[in-house]
């Protein structure tokens with residue numbers, strides 16, 4: 001592939017990389033891993049790399065050296081992939097507004113398309129089936145640490161395998177514990193493809209801002225997000241999730257029916273209903289064994305059809321469902337009640353009712369779930385997306401300086417909330433042990449019939 005002069009291109013598009021970005025641009029490694037703090041300049045750098053590679057590919061096509069150039073920008077969601085894409089658009093428009101201005105598309109996903117074989121496309125890890133089948137010339141994976149390792153190894157790695165294309169892959173992210181992103185970062189050190197930068201190494205955050213952020217942030221939050229330090233899940237809400245997993249063989253799904261309802265059984269479930277871009281998730285547990293028996297997760301289904309699906313499962317297990325009373329939850333809960341489903345409202349208010357089985361705050365439910373997972377009080381289906389959401393659920397510093405719990409930017413928490421709601425309805429461990437003892441004893445009538 002013909003190499004365009006960085007100096008001339010940067011002059012034309014009016015962009016000057018800082019010293020850390022220049023260091024990355026000088027690397028000839030096929031796989032580059034950039035672990036950098038917030039506001040370092042990861043998106044701008046990748047936007048430049050994508051634009052340059054695209055222009056070089058177009059020149060090779062015009063010279064008859066190749067017939068295509070295909071580039072993907074992959075993020076946990078389309079919204080996050082736009083961070084890099086916006087820089088690509090900015091740089092290509094500065095290079096030639098007339099040519100590239102007519103090629104920018106937003107549907108079905110953000111892209112720049114010159115022809116069926118000459119394009120830059122944004123992709124979302126939320127749609128893993130869309131990540132199959134292509135051979136790429138350049139792959140940028142943004143917020144890599146927030147994705148499941150399966151997305152990389154099963155879906156994206158094969159797209160880089162064509163010998164004729166010699167695809168280059170760039171991973172950019174702040175760390176999220178020591179997960180698979182940490183592993184490939186260590187591996188890339190051997191080939192000179194691993195780079196580590198703090199936010200202070202960029203140009204957006206100066207010493208004054210650095211000191212202010214450090215003073216206002218929790219230590220582990222600051223270390224992870226601004227020092228880009230790999231921590232042992234210091235900010236994670238749920239610890240040792242894998243220790244709470246069921247040993248179960250899953251079939252094709254969802255839905256997953258891990259156990260069929262048994263005679264005399266008692267079941268409870270948690271229902272987290274989708275917002276516009278989210279998923280609806282339903283999880284059902286055995287009330288006595290605390291084992292998950294049913295899991296379903298879906299999106300882009302009308303509410304009447306969702307209600308029918310939920311009703312059928314709830315009645316099959318005879319399960320009581322806890323539903324959060326947000327705007328959507330209230331209407332769906334009322335409809336399910338009208339259809340004869342045993343629905344209990346979960347009011348995420350600031351106050352806690354004396355009857356903790358009926359109402360509570362979201363924070364209380366999450367805290368209870370964290371304790372029960374760590375103490376092995378529940379057994380969870382070994383479903384990858386659900387495990388991923390639990391392990392990435394973290395403490396977040398809000399703009400006002402308050403600490404809250406939630407999914408990182410670009411991630412979902414529907415499986416976590418459905419699990420927290422179901423777990424809220426379960427008995428405590430001691431109550432379960434008492435119930436087990438009571439069930440093992442003869443009935444009151446039998447115990448005293450000989451007195």
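The values are calculated or read from the model by the stated rules, or taken from the named source; none is laboratory data. Please read these numbers as outputs of a predicted model, since none were measured by experiment. Please note: Cβ atoms are built from the backbone with ideal geometry, for glycine as well, and neighbour counts cover all protein chains shown.
Things worth noting here:
- Any hit, region 75-82, residues being farther than 17 Å from residue 147 by Cα and outside any helix (DSSP H, G or I): no
- Residue 85 vs. criteria without any contact (Cβ under 8 Å) to a residue 40 or more places away in the chain and surrounded by 17 or more Cβ atoms within 10 Å (Cβ to Cβ): yes
- Test: residue in region 268-279 that is modelled with pLDDT under 85, within 20 Å of the chain's Cα centre (by Cα) and crowded, with 17+ Cβ neighbours inside 10 Å: yes
- Taken over region 319-352, the criterion of being modelled with pLDDT of 90 or more and out of contact with any strand residue (DSSP E or B) (no Cβ under 6 Å at 6 or more places or on another chain) is satisfied by 335, 338, 339, 340, 341.
- Members of region 205-236 that are crowded, with 17+ Cβ neighbours inside 10 Å and modelled with pLDDT under 85: 217, 220, 221, 231, 233, 235, 236
- Residue in region 201-223 that is farthest from residue 142 (Cα to Cα), counting only those that are out of contact with any strand residue (DSSP E or B) (no Cβ under 8 Å at 6 or more places or on another chain) and in a loop (DSSP other than H, G, I, E, B): 206
- Single condition residue 101 does not satisfy, out of (1) within 33 Å of the chain's Cα centre (by Cα); (2) within 19 Å of residue 138 (Cα to Cα): (2)
- Within region 243-266, residues that are under 27 Å from residue 370 (Cβ atoms) sit with their Cβ atoms under 8 Å from residues that are modelled with pLDDT under 90 and in a loop (DSSP other than H, G, I, E, B), at 6+ positions apart or across chains, in these pairs: 256/250; 258/248; 258/250.
- Selection status of residue 380, at pLDDT 90 or above, under 23 Å from the mean Cα position of the chain (by Cα) and either surrounded by 17 or more Cβ atoms within 10 Å (Cβ to Cβ) or within 22 Å of residue 220 (Cα to Cα) (or both): yes
- Candidates 155, 83: the one that is assigned by TED's automatic domain parsing to the domain that holds residue 14 and within 15 Å of residue 169 (Cβ to Cβ) is 155.
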